[in-house]
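One structure below.
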Amino acid sequence: MPDYAIVKNLCEELKITISELMDGEEAGEQSIPAYNDNQVMDLLRRIQELEKQKNLLYGILLIVMGIALQALSHTFGGTSVKDFFSGLLLGISVAEIILGVYVVGRNIAGRQLSFFITICLFC
């Protein structure tokens with residue numbers, strides 16, 4: 001989904017209302033809109049925020065799963081097969097933790113970047 005901030009500009013260029021854009025058709029003369037433009041813009045903003053939070057939660061979940069697998073890998077050991085699985089679990093856990101840190105860092109950096117852009121636009 002595109003950034004919700006450009007939807008209003010897109011509608012102005014297309015000479016349609018936001019409700020018409022969301023419905024996918026032009027409003028007829030007899031049609032009664034079920035929602036106004038402010039409600040739609042607020043809904044789009046909330047959806048975009050939820051998508052960002054979802055990605056942050058995925059990153060945190062990966063980190064927690066990586067820590068759990070790392071703890072599990074220390075319970076194996078003794079024979080060569082158990083040592084193999086212990087090493088395999090340890091490798092997977094490290095990969096999950098690194099991927100989780102990347103996802104969380106990318107999400108936080110994206111928020112700071114959008115915050116910086118917002119500040120620059122108002123200056």
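What follows draws every value from the coordinates through simple rules; no lab data is involved. Here the structure is a predicted model, which means the values were calculated and not measured. Backbone-built Cβ (ideal geometry, glycine too); neighbour counts: all protein chains shown.
Just want the ordering: Val94, Val81, from fewest to most Cβ atoms lying within 10 Å of their own Cβ.
Starting with the residue having the fewest Cβ neighbours, the order is Val81, Val94.
For Leu90, Leu62, the sequence from fewest to most other C-beta atoms within 10 Å is Leu90, Leu62. In the distance distribution for segment 61-110, Cα-Cα pairs more than 18 Å apart total 38 percent.
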